[in-house]
Amino acid sequence: PIGPHPFLSLLYFHGAYAMSFFFILSGVVLTYGYNELTVIGHDVRRFYLARLARLYPAYAVVHLLGLFWLSIPLPEQWAKWVFINLLSTLGLQAWFQHAFFYGVNSGSWSISVEFFLYALFPVLLPSMKWLTLTVGTPRLCLYITLLSGFIGLADYVFEGQGTGIYYMLPFLRLPEFLLGITVGLALLKPGANAPRLWLYVFPLAVIVTLTAATLDIPGLWTRANIVVVPAFAFLIYASARLEQQKRPDWRSGFVRVLVYLGESSYCFFLAQLIPLIWLDSKPALAWRRDFLEHYPTFLLWLIALVVALAGAVALHELVEKPARRAILRRMEGNPTRRLGASTG
């Protein structure tokens, strides 16, 4: 249970809108970090290897943990279990409706989408550069937003035919990623000073939050794409512009904590579902029921959050960082696969 208040229930239910934020932000960050990427063979290979080193080791460890801890198939389900989790191992689960619902760590479907978007990025980046020059950034953002909103209506038109498929299919998330690339290219250009930018950012954040929390839109979340996708894009753009103009004090302890949380956020994303899935498992039902008879619900959520954060830090420090360093160091040993220090 997440609380008796209808507003809280609706707020948590619409938290899935954040996936649009995630895919837009992914396009922005990649464009910002790899704006000089070309379609030349060795450049593309360097990019793919850097992405593999960054994403796959932690992903594989969490997948293995899920296999041995959370997944206990019945004898008649072994064939399905093997097939679905093999898809997850290969990062292909988002292409198969039943796979992304019943895989070991079902939340990893978005990583499967990311693999698809990363595979296309070396071609998408120069294409979007050309489009921004020929069409213009504002018009291009408008066209992509309309495309995203149009695709989002599929759940409304074909309601009940393949629940979740319009929300999780990789190529249907492509417009959000393209919008992120466009925003990233705009951020690479000098921007006018805007000391009152927060006057735009805060109201927009409030409007998006209230919209997501109060509109009880039936069906899945893609129906609201026409509203939340452009709002998130502008929120990211405005916040990044403000950061460019008012650089934070990187020596500040608070800023360092925020940066570290950002660096380990991928591991947090992977780790956060483990305690939540366990709380929904049969062995945990009796314990959870007994706990909630004596303590408030928010305390259970707080414990789950602390466990997820601890798991994220452990995964970041013990798996992600050393594995990434080892892979990049091995690749740098080959002159034809040398990876620059800027690979994120």
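So, counting K/R as plus one and D/E as minus one, what does the shell of residues with Cβ under 13 Å around residue 37 add up to?
+2
Please report, in cubic angstrom per residue, the volume enclosed by the convex hull of the alpha-carbon atoms of segment 22-98.
124 Å³
If ligands, DNA and RNA are left out, what is the accessible area of residue 141 with a 1.4 Å probe, given in Å² to the nearest 10?
The accessible area comes out at roughly 30 Å².
Sorting check: for 167-173, 247-253, which peptide has the highest mean count of neighbouring beta carbons within 10 Å, and how do the rest follow? Before the final figure, lay out the partial values.
Details: 167-173: 20.7, 247-253: 8.7.
Packing proxy ranking, top to bottom: 167-173, 247-253.
Using label points projected 7 Å from each Cα along Cα→Cβ, tell me how many nm separate residue 90 and residue 188, to one decimal.
Computed distance between label sites residue 90 and residue 188 equals 3.3 nm.
If you count only protein heavy atoms and use a 1.4 Å probe, how large is the accessible surface of residue 317, to the nearest 10 Å²?
70 Å²
Provide the solvent-accessible area of residue 293, counting protein heavy atoms only and rolling a 1.4 Å probe, rounded to the nearest 10 Å².
130 Å²
Provide the net charge surrounding residue 74, with neighbours chosen by a C-beta distance below 14 Å and charges set as Lys +1, Arg +1, Asp -1, Glu -1.
+1
In what sequence, highest mean first, do 17-25, 280-288 appear when ranked by Cβ atoms within 10 angstrom?
17-25, 280-288
For segment 284-328, go through all pairs of different Cα atoms, get the mean of 1/r, take its inverse, and jot down that Kirkwood value in Å.
One over the average 1/r among Cα pairs gives 12.6 Å for segment 284-328.
From largest accessible area down, sort 246, 129; use a 1.4 Å probe on the protein chains.
Numbers: 246 120, 129 70 Å².
Ranked from most to least accessible, the order is 246, 129.
Which sequence of 294, 316 reflects their accessible areas, 1.4 Å probe, from the largest down?
Final ranking, largest accessible area leading: 294, 316.
How much FRET efficiency would the formula 1/(1 + (r/R0)^6) give for residue 278 and residue 79, where r is the Cβ-Cβ distance and R0 is 25 Å, rounded to 0.05?
Once the sixth-power term is evaluated, E becomes 0.50.
Sort 89, 222 by accessible area with a 1.4 Å probe, largest first.
My answer, sorted largest first, is 89, 222.
Can you work out the accessible area per residue across segment 236-329, with the rest of the protein chains kept in place, probe 1.4 Å, in square angstrom?
That works out to 63 Å² per residue.
The values are calculated or read from the model by the stated rules, or taken from the named source; none is laboratory data. Just so we're clear, the structure is a prediction, and the values are computed from it rather than from any experiment. Positions of Cβ are backbone-derived with ideal geometry, glycine not excepted, and every protein chain shown enters the neighbour counts. For the accessible areas, the whole protein counts, side chains as well, though only heavy atoms, and no ligand, DNA or RNA atoms are used. Shrake-Rupley method; radii C 1.70, N 1.55, O 1.52, S 1.80 Å.
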